[in-house]
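Working notes, structure below.
Any read-out appearing in this document is the output of simple, stated calculations on the displayed coordinates, not a laboratory observation. The structure presented is a predicted model; accordingly, all values stated were derived computationally and were not measured. Positions of Cβ are backbone-derived with ideal geometry, glycine not excepted, and every protein chain shown enters the neighbour counts.
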Amino acid sequence: MNRMWLVALAMLIAPALWLFGPTEAVTTRLPGVAEWRAGGLPDPATPPAAIAAFFAALTPHEATELARRHPDLVGNLDGAPLALRYAANRSSPGRQILALDRRGDGRIAEVLGDLTSAGRVVILIPGVDTTLANFDTGLGGVERRAPAWQARQLHRQVAGDTAVIAWLGYDPPEGIRRAALREDRAASGALALERFVAGLVARRPDQTIMLVGHSYGSIVAGRAAAHLPAQVTDIVALGSPGMGVANRAELGGTARFWAGAAPDDWTRKLPGLRIFGLGHGRLPIDPAFGALPFPAGDLTGHDGYFATGTSALRALAQLATSRSGEIARNASAVASSAGNWTTSRSPVSPGSCMIS
């Protein structure tokens, strides 16, 4: 084989190795684990129900002292008492921070409302380019992209019996590049989400939970769906690029699944392909996917789902307060959300190619 052919072969192989090779490692280990284990304390990987039982057996003084000695770990330990986690993560007066990890791009979970007494909990899962640094301000300083702002918007619309959590408990991809085309980050995020939900259920098994995944965050919710408890009654995908499956049945789980996208959301232009792990397959707004249609016909762009006065924000509030019937009766909004599919879809039939 002459030099020219070797160069040509290398030019073909190099992009493939980059595209299909392993992505960068994502830190999932809790901070302060070494010091915690050195004290002979329970493995942080222990199921949240067992962690809850461990803390329940401690006296208030013992629990408080443990959190004082290991604030980074207790502040992020699913199953640990809420008050201890809030105290360990205290960064701004008046805010309830249920998780906080400043390493790398960071992780954070903020609670709005009284998680102790709430009968319903809504967990918002953001997508690509969300970091601890822009959690409050939004990517590029655009407020409507900020998870903290989105949570406040929804919380203003719901009753006092509902708590809203802005959950950045995973490391989203940076930009629409290789990691965003794959589901490695979503798989890691799904494991973290499953554990986070298990921690809530261990504390209050009578609460019901609703997940709202925006963009890549919807893939995280979808990957977790089959492993979530019955307390998770609804999963909403907003502006989703696909779920990695061909239809709702393949997601598994018992939750109702809803999907909506603004008429000009760029995700509508995606081809709906998944080939050798690249791409995310059929868009969930495609009627063939089998999701319940979620109102979004009066929105613009990819990041307006929590804007004041929109059908999507109203519907989220209705679903958060268990008034799903009102969504179904809002026929014009539903028709706008689902009907635009035929005029805004990609020329490639979504879901026509699913090669894992």
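Here are a few things to note about the model shown:
- Under 5 Å, built H, 5+ apart or other chain: amide partners of Leu98: Ala109, Glu110, Val111
- Prolate/oblate/rounded label for the range 28-88 (Cα gyration tensor, a/c 1.5): rounded
- Net charge, Asp298 excluded, C-beta distance under 13 Å - Lys, Arg +1, Asp, Glu -1: -1
- Relative packing of 31-42, 263-274, which averages over residues the other C-beta atoms within 10 Å, highest first: 263-274, 31-42
- Short-range pairs are left out: with C-alpha atoms under 8 Å and at least six residues apart, the relative contact order of the range 28-88 is 38 percent.
- Protection proxy ranking of 110-120, 303-313, 159-169, by the mean of other Cβ atoms within 10 Å over each peptide's residues and highest first, is 159-169, 303-313, 110-120.
- Charged neighbours of Pro172, selected by a Cβ distance under 11 Å, balance to -2 (K, R count +1; D, E count -1).
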